[in-house]
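Notes follow once the structure below has been shown.
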Amino acid sequence: MSNGTKAVLNYGDGKSIEFPVMKGTVGPDVVDIRTLYGKTGMFTYDPGFLSTASCQSRITYIDGDKGELLYRGYPIEQLAAHCDFLETCYLLLKGELPTPAQKAAFVDTVTKHTMVNEQMQFFMRGFRRDAHPMAVLTGLVGAMSAFYHDALDINDPHDREISAMRLIAKMPTLVAMSYKYSLGQPYIYPKNDLSYTANFVRMMFGTPCEEYKINDTVVRALDRIFILHADHEQNASTSTVRLCGSSGTNPFAAVAAGVACLWGPAHGGANEACLNMLQQLQQQGGVSKLGEFVAKVKDPNSGARLMGFGHRVYKNYDPRAKLMRETCYEVLGELGLEDDPLFKLAMALEKVALEDDYFVKRKLYPNVDYYSGIVQKALGIPVAMFTGIFSLARTVGWIAQWQEMITDPEYKIGRPRQLFSGATSRNVMPIDKRK
Ligand code: SDX
């Protein structure tokens, strides 16, 4: 889609070339440089893709300066207030919020796919009990492609639809299995008379020995956490799913690549790293040590980072962090944990950082991971499970973006180029002649 304006590149000895400028419905225009290499023999150079749009998308829009996040045009604040996670899944996948009848049918389909093949549990036995749940999950999600040969044709809309349902429905079961395995406890099967999130909570904390009493506060808070983590434009793990999927591989393999990428502490692993950072700060003296810690973070030689702070796109407060902080207040209040020392420490640390020129100058604000660990810990979720829960929630975003790519007429296999700065062509010296 070009709107007629052009961008002109002047290069070499007096040469110049024009490129069409494309305009979206909102957000920055893009310079369409697809013909650059063919016409000039030059590449663009953009490590980390700070100025690169990898695709056109209609799913999620972020305004980093305003701190705005829209799923299919709906502000995240409104979705968190008025919808549940499966409604949000329907919206991300189909582009519109469901009618009551559409929602009921969607919930029924997801509910009927929550069980995993009994063979899946035998993969678990290969792992040590203390394996990180994300290592287990990466393996389990990839292994799903070994079970659904009946629907792996990515060019068949029905196969794409059933794969999306299977992934969204089975992730809670797999995440709960990875937790139960770490405890040495039996797996809990899903129950079809429970909501998606209540089912997950029961599979995580229930045992065969007694009926599990669902805590509605926990379910409501987790469901909101799922909504806040569902999608986020072309972040690292979504870009991984798109690039992996662009080779034509099946969606289970592509989503397994997304799980692996999300694990990193610079990305989805930040919630676990942030809580560990706060707990370590607490042990070292808490609020009295904040000045010392912040000084260390500001020292470029320390390599220390304030986990849960900063973002490639948000140069203002991450709207999800605001909602997560509200959820902290609500959950800690309802659970009688108002005086949670970690929450108080996190808010004190946030205040110190937001008043410090180092953070202000670099526009570093709390991101979604800063408070999510505190909420999840209050809900009884073990720290090692935080990123697995992020994966559970982000699966719908990954699969919606994958579907959008597969059905995009402009879609091609992703194959970036490089600026080569290594050795140019040279001859091999036989080893007996090498000194
Ligand atoms: C997620 O992309 C997404 O949308 C991701 C996500 C999603 O929903 O998918 O939002 C989820 O991954 C959130 C981010 C979680 N990660 C963390 O909280 C880890 C801590 N934050 C960072 O490491 C960092 O802020 C990133 C990775 C999030 C963003 O890094 P950028 O955009 O590459 O920025 P940068 O590393 O170039 O930093 C710019 C400057 C540097 O200082 P100078 O070189 O200018 O002196 O800011 C500093 C950095 O040192 N900086 C930090 C900091 N983050 C950046 N300094 C201290 N603490 C931090 N957290």
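In vacuo Debye scattering of the range 48-179, one point per C-alpha: log10 I(q)/I(0) at q = 0.10, 0.11, 0.18 Å⁻¹? Per q value, in the given order, log10 I(q)/I(0) is -0.46, -0.55, -1.14. Our compactness index for the range 33-101, the C-alpha radius of gyration over the empirical 2.2 N^0.38 Å, is 1.61. With a Förster radius of 30 Å applied to the C-beta separation of VAL26 and ARG415, the computed FRET efficiency comes to 0.55. Projected over every direction and averaged, the convex hull enclosing the alpha-carbon atoms of the range 149-244 yields 8.3 nm². Secondary-structure-derived ellipticity at 222 nm for the chain, considering helices only, amounts to -15000 deg cm²/dmol, per-run term -39500 (n - 2.57) for DSSP H runs with n ≥ 4. Multiplying the residue separation of GLU161 and THR40 by 0.36 nm and subtracting their alpha-carbon distance yields 39.4 nm. May I ask you to list the residues of the range 353-393 whose amide nitrogen lies under 12 Å from a point 7 Å from Cα along the Cα→beta-carbon direction of LEU183? Residues 380-382 qualify, since their backbone N sits under 12 Å from the label point.
Carbon-plus-sulfur accessible fraction, the chain (probe radius 1.4 Å, protein heavy atoms only): 54%. With the dipole of the range 395-435 worked out from charges on the C-beta (+1 for Lys and Arg, -1 for Asp and Glu) around the Cα centre, which of GLY414, GLY397, SER425 lies farthest toward the positive end? Checked the options; the winner is SER425. Each Lys and Arg adds +1 at its Cβ and each Asp and Glu adds -1 at its Cβ; summed about the Cα centre, the range 297-435 shows a dipole of about 1300 debye. Each of PRO190, VAL136, PHE147 was scored by the projection of its Cα onto the charge dipole of the range 113-270, and the greatest displacement toward the positive side belongs to VAL136; charges sit on the C-beta of Lys, Arg, Asp and Glu.
Pairwise Cα distances in the range 141-181 exceed 14 Å in 52 percent of cases. Remark: the range 280-409 carries 42 Å² of accessible area per residue (probe radius 1.4 Å; ligands, DNA and RNA excluded).
In a reduced charge model with +1 at each Lys and Arg Cβ and -1 at each Asp and Glu Cβ, the range 127-286 shows a dipole moment near 380 debye about its Cα centre.
Taking label points 7 Å from Cα along the Cα-to-Cβ direction, SER195 and ASP65 give a separation of 3.8 nm. Once a ≥ b ≥ c are taken as the square roots of the eigenvalues of the Cα gyration tensor of the range 270-381, is the result rounded (a/c under 1.5), prolate (a/b larger than b/c) or oblate (a/b not larger than b/c)? Oblate shape, in that a/c is at least 1.5 and b/c is the bigger or equal ratio. Dividing the Cα radius of gyration of the range 188-239 by 2.2 N^0.38 Å, with N the residue count, gives 1.42.
For the range 326-415, GluC sites (Glu not before Pro) are listed when DSSP marks them as loop and at most 11 other Cβ atoms sit within 10 Å of their Cβ; the list is GLU338, GLU355, GLU410. Taking the Cα centre of the chain as origin and assigning +1 to Lys and Arg Cβ atoms and -1 to Asp and Glu Cβ atoms, the resulting dipole is close to 1600 debye. Dividing the Cα radius of gyration of the range 331-419 by its Kirkwood radius returns 1.16 for Rg/Rh. With a simple spin-label model that places each label point 7 Å from the Cα along the Cα-to-Cβ direction, the separation between GLU330 and ASP299 comes to 4.1 nm.
Per residue, the convex hull spanned by the Cα atoms of the chain amounts to 220 cubic angstrom. Backbone N atoms of the range 258-291 closer than 19 Å to the 7 Å Cα→Cβ label point of ALA135 belong to residues 258-266, 268-270, 272-273. Against the empirical 2.2 N^0.38 Å (N residues), the range 382-433 has a Cα radius of gyration ratio of 2.27. For the range 196-309, the share of alpha carbon pairs falling in successive 10 Å distance bins from zero is 12, 25, 28, 26, 9, 1 percent. In this structure, the residue pairs whose Cα-Cα separation is over 30 Å, taken from LYS94/LYS180; LYS289/LYS361; LYS289/LYS322, are LYS94/LYS180. Taking amide H positions as modeled 1.01 Å from N, with prolines and chain starts lacking one, the residues under 5 Å from GLY269 and 5 or more places away or on another chain are GLY264. Based on protein heavy atoms only, the range 89-199 ends up with 45 Å² per residue of surface accessible to a 1.4 Å probe. Rg to Rh ratio, the range 7-49, alpha-carbon atoms and Kirkwood radius? Expressed as Rg/Rh, it is 1.01. Between the beta carbons of ASN215 and CYS55, assuming R0 = 56 Å, the FRET efficiency works out to 0.85 to the nearest 0.05. Here's how it looks for ASP318: its modeled amide H is under 5 Å from none belonging to a residue 5 or more places away or on a different chain.
Debye-formula intensities of the range 151-203, expressed as log10 I(q)/I(0) at q = 0.16, 0.24, 0.31, 0.32 Å⁻¹, are -0.56, -0.85, -1.10, -1.14 (one equal scatterer per alpha-carbon, no solvent). Across the range 64-117, counting alpha-carbon atoms alone, Rg and Dmax equal 13.3, 45 Å.
The values are calculated or read from the model by the stated rules, or taken from the named source; none is laboratory data. Note that the structure is predicted; figures quoted are calculated from it, not measured. Virtual Cβ from ideal backbone geometry, glycine too; neighbours counted across all protein chains shown. Only protein heavy atoms, including side chains, enter the accessible area calculation; ligands, DNA and RNA are left aside. Shrake-Rupley method; radii C 1.70, N 1.55, O 1.52, S 1.80 Å.
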